[in-house]
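First the structure, in the form of structure tokens, and then the observations on it.
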Amino acid sequence: MSLNPQTPLTFEEYLDAERRAGHRSEYFEGEVFAMAGASRQHNRIVTNLVTGLDNQLRERPCNVYSNDMRVRVEATGLSTYPDVVVTCEEELFYDQHQDTLLNPVVIIEVLSDSTEAYDRGKKFEHYQQIASLRQYTLVAQDKCRVEQYLRQENNRWIYTEAHDFDGALKLPSVGCELILKDIYAKVKLKSPGPPEDQNV
């Protein structure tokens, strides 16, 4: 839902308001859109992802951020908050506040009923315009299913998925691997997912 349908804001005006606000909002083409709160399931999965990745990246020049690290897609103007972001080597930010990242390497979104279509469609179209992005991952929160898009040299994206608790989410761009049962630790799923095992 747009918070200012009649008054387009500049990106700087949005940033100023966002830094003083007690909630998170997305920005695109002068409009600000409120972001919905997350469920316990959603938050638990994000925690598991961040913990697993950070443990593997702690001794390397990489960082893992969750929820509150804003990402700006410079090519399209979208500013949003991915659920999990991984960076490696030098981080580039919009300004000295270092709260608006420009060069993520991995973005992970945990799907919900209200955001799934957007995360799969328009949002991914925006993310594809980030030159540094190598992997885009979607994690279901109601069943065991992890989908991943891996960028190729020719700028094509290869799709894979895993939906077995013993399967693995592999992130070759940052040299990490997460077992799905660890991603879903302490999460009560409605459905265990399909019986096939197609490891990412």
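The values are calculated or read from the model by the stated rules, or taken from the named source; none is laboratory data. Fair warning: this is a prediction, and the values are worked out from it, not measured in the lab. Methodologically, a virtual Cβ is constructed for each residue, glycine included, from the backbone with ideal geometry; neighbour enumeration extends over all protein chains shown.
Selection of the range 135-178 for residues being without any contact (Cβ under 8 Å) to a residue 40 or more places away in the chain, part of a loop (DSSP other than H, G, I, E, B) and charged (D, E, K, R) yields Glu153, Arg156, Asp164, Asp166. Suppose the filter is part of a loop (DSSP other than H, G, I, E, B), closer than 20 Å to Tyr14 by Cβ and charged (D, E, K, R); does Asp113 pass it? Judged against the criteria, Asp113 is not a match. Scanning the range 78-94 for residues that are surrounded by fewer than 20 Cβ atoms within 10 Å (Cβ to Cβ) and either touching a Leu at 6+ places or on another chain (Cβ under 6 Å) or under 27 Å from Asp16 (Cα atoms) (or both) gives Tyr81, Glu90, Glu91, Leu92, Phe93, Tyr94.
In this structure, does Ala75 turn out to be touching a residue at least 12 places away in the same chain (Cβ under 8 Å), exposed (fewer than 14 other Cβ atoms within 10 Å of the Cβ), under 29 Å from Ile183 (Cα atoms) and of a type in the set (A, V, I, L, M, F, W, C)? No, not satisfied. Taken as a whole, the range 32-48 holds at least one residue that is surrounded by fewer than 20 Cβ atoms within 10 Å (Cβ to Cβ), small (Gly, Ala, Ser) and in contact with a helix residue (DSSP H, G or I) (Cβ under 8 Å, 6 or more places away or on another chain). Looking only at the range 169-194, residues that are in contact with a strand residue (DSSP E or B) (Cβ under 8 Å, 6 or more places away or on another chain) and under 18 Å from Arg44 (Cα atoms) come to 9 in all.
Within the range 108-122, is even one residue in contact with a Lys or Arg (Cβ under 7 Å, 6 or more places away or on another chain) and modelled with pLDDT of 95 or more? Among the residues of the range 108-122, not one is in contact with a Lys or Arg (Cβ under 7 Å, 6 or more places away or on another chain) and modelled with pLDDT of 95 or more, which makes the answer no. Entry remark, the range 76-109: residues being in a loop (DSSP other than H, G, I, E, B), over 18 Å from Asp119 (Cα atoms) and not hydroxyl-bearing (Ser, Thr, Tyr) number 11 in total. Put simply, of Asp83, Asp54 the only residue that is closer than 19 Å to Phe124 by Cα, touching a strand residue (DSSP E or B) at 6+ places or on another chain (Cβ under 6 Å) and either of a type outside the set (A, V, I, L, M) or not assigned by TED's automatic domain parsing to the domain that holds Val139 (or both) is Asp83.
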